[in-house]
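Quick notes on the structure that follows.
The values are calculated or read from the model by the stated rules, or taken from the named source; none is laboratory data. Since this is a predicted model, take the numbers as computed values, not measurements. Neighbour counts run over all protein chains shown; Cβ positions are idealised from the backbone, glycine included.
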Amino acid sequence: MVRPMLLAWLAVAAAAQLGCAGTWDTLTSKRLREHPGPTLKHMIVPEDPVAVLLADPPRDPDERAAAMRRLKEPLHNGGTQDTQDAIVGVLERAATTDPSPVLRLEAVGALSRFEDVRAMNALMTAYQNAHGRRPDEPDPLKAPDVVAAGAGGPPQARKAPTDQFDLRRGPTGYPPEWVSAIRCRAAEGLGQTNRPEAARFLATIAGGAGRDVAKEGSEDRDVRLAAVRGLGKCRQPEAVAALTEVLAAEAQKKDTAMIGRTHQGLVHLTGKKLPPDPATWKEVVQAGVTIAPEPTWFDTALETAIFWEK
């Protein structure tokens with residue numbers, strides 16, 4: 001009994017020096033009680049995230065989430081194509097169908113760091129499936145307003161539900177705050193892929209593609225802001241065109257945060273220090289967009305400081 005406790009205290013001290021998050025959760029976990037040696041070892045020297053994610057049977061959700069946070073794209077870090085394919089498959093399933101919203105968030109975050117084109121497609125699907133409902137579950141917010149009565153009776157009006165939780169059937173999908181969080185992370189992750197298709201997808205969320213093609217969730221201001229941030233990272237001419245349309249739409253609404261973030265993205269992508277005037281930026285788009293070189297970390301920090309000072 002003394003030896004495991006001594007090892008535990010040593011692990012706490014080492015983890016504190018390393019700044020390890022989640023130390024207390026690990027020390028109070030069932031995993032530590034059942035496998036004290038390996039668990040304490042992995043607190044100090046984390047296990048290979050690829051091995052954790054490909055383990056059969058699947059590991060504990062907390063282990064998988066932590067592995068996703070540490071994961072680097074296998075193909076660009078000495079891994080094989082087979083390993084790349086397997087990991088992309090694991091992340092895609094977790095990001096789009098996992099019952100845990102926490103694992104979905106972590107999988108989306110991991111996919112955002114991948115250059116594989118399949119990561120972009122998975123992020124789009126993750127955004128669209130962020131509601132957390134099973135494929136056979138209807139959207140409760142889109143239920144018909146009228147239902148037919150039985151035995152030839154007249155149709156009866158039915159009030160559409162205003163919440164995604166029906167007490168008679170139990171919850172359907174995730175709570176709104178989780179849905180918004182997943183959509184926000186997926187939108188920002190899509191911007192990191194630097195692909196034209198991602199820019200066009202984000203435009204339908206941010207409002208740069210017209211109301212008739214707006215994606216589900218675009219009515220959420222936080223999600224739209226995340227899409228604007230994603231466009232600001234997506235170094236493609238399509239992103240500049242989309243941000244210009246967003247700027248024109250937001251100029252009428254007087255949303256200073258949205259206008260400021262959109263303008264920051266335009267300056268960041270083009271390198272042009274122009275005012276947040278929609279007409280001026282439309283001239284830039286019409287003249288042909290040239291994406292500026294990737295700024296250094298110092299330039300980015302300076303640009304951010306100037307933005308917040310305004």
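When you scan the stretch 188-204, do you find a residue that is out of contact with any helix residue (DSSP H, G or I) (no Cβ under 7 Å at 6 or more places or on another chain) and under 26 Å from residue 106 (Cα atoms), even just one? Yes; the residues of the stretch 188-204 include at least one that is out of contact with any helix residue (DSSP H, G or I) (no Cβ under 7 Å at 6 or more places or on another chain) and under 26 Å from residue 106 (Cα atoms).
Restricting attention to the stretch 79-104, the residues that are assigned to a helix (DSSP H, G or I), in contact (Cβ under 8 Å) with a residue 12 or more places away in the chain and over 18 Å from residue 135 (Cα atoms) total 9.
Taking the stretch 198-222 as the range and being modelled with pLDDT of 90 or more and among the acidic types (Asp, Glu) as the test, the residues that pass are 219, 220, 222.
Any residue at all in the stretch 188-210 that is assigned to a loop (DSSP other than H, G, I, E, B) and under 18 Å from residue 257 (Cα atoms)? Give the steps one after another, and end with the answer.
Applying the first criterion (assigned to a loop (DSSP other than H, G, I, E, B)) to the stretch 188-210 yields 193-195, 207-210.
Narrowing the set further to residues that are under 18 Å from residue 257 (Cα atoms) leaves 207-208.
Within the stretch 188-210, one or more residues are assigned to a loop (DSSP other than H, G, I, E, B) and under 18 Å from residue 257 (Cα atoms).
So that you can scan it fast, the table gives a plain yes or no per residue for (1) of a type in the set (Gly, Ala, Ser); (2) farther than 18 Å from residue 186 by Cβ; (3) surrounded by 21 or more Cβ atoms within 10 Å (Cβ to Cβ):
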site: 228; (1), (2), (3): no, no, yes
site: 243; (1), (2), (3): no, yes, yes
site: 257; (1), (2), (3): yes, yes, no
site: 263; (1), (2), (3): no, yes, yes
site: 269; (1), (2), (3): no, yes, yes
site: 275; (1), (2), (3): no, yes, no
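Residue-by-condition table, conditions (1) buried (at least 20 other Cβ atoms within 10 Å of the Cβ); (2) farther than 21 Å from residue 66 by Cα:
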position: 81; (1), (2): no, yes
position: 95; (1), (2): yes, no
position: 119; (1), (2): yes, no
position: 127; (1), (2): yes, yes
